[in-house]
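Worksheet: the structure to be examined is printed underneath.
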Amino acid sequence: MNREEYKANLKKSLGSRYVDGSSLEDAEAIYLEYFNNYLSLDRYAEDLGISPKKLNAIIDEGRVLNHKR
């Protein structure tokens, strides 16, 4: 899978659901994707097509939920 296909799949499976109003489980999935597969918040935000500030807020929500388990 090339980078463009990966980005499209990522947006489809994670980003668009959260941006359109989703559950905390989606925030947790976004956090885990970031934690496991990215070195930089800016790059992940670019791949999702959202601002780094918004992504940081989503990741913070996901981190809190994940650490409660």
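The values are calculated or read from the model by the stated rules, or taken from the named source; none is laboratory data. Treat the numbers as computed from the prediction; the structure is a model and nothing was measured. When we count neighbours, we look across all protein chains shown, and the Cβ atoms used for this are built from the backbone with ideal geometry, even at glycine. With ligands, DNA and RNA removed, areas are computed over all heavy atoms of the protein, side chains included. Shrake-Rupley method; radii C 1.70, N 1.55, O 1.52, S 1.80 Å.
Structure above, values below:
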quantity: Residues located in the stretch 24-46, provided they are modelled with pLDDT of 80 or more and either of a type in the set (Val, Ile, Thr) or over 9 Å from the mean Cα position of the chain (by Cα) (or both); calculated: Ile30, Phe35, Asn36, Asn37, Tyr38, Leu39, Ser40, Leu41, Asp42, Arg43, Glu46
quantity: Residues (aliphatic (A, V, I, L, M) and surrounded by fewer than 14 Cβ atoms within 10 Å (Cβ to Cβ)) located in the stretch 29-69; calculated: Leu39, Ala57, Val64
quantity: Gly21 at pLDDT below 85, open to solvent by 60 Å² or more (accessible area, probe 1.4 Å) and on the phi > 0 side of the Ramachandran plot; calculated: yes
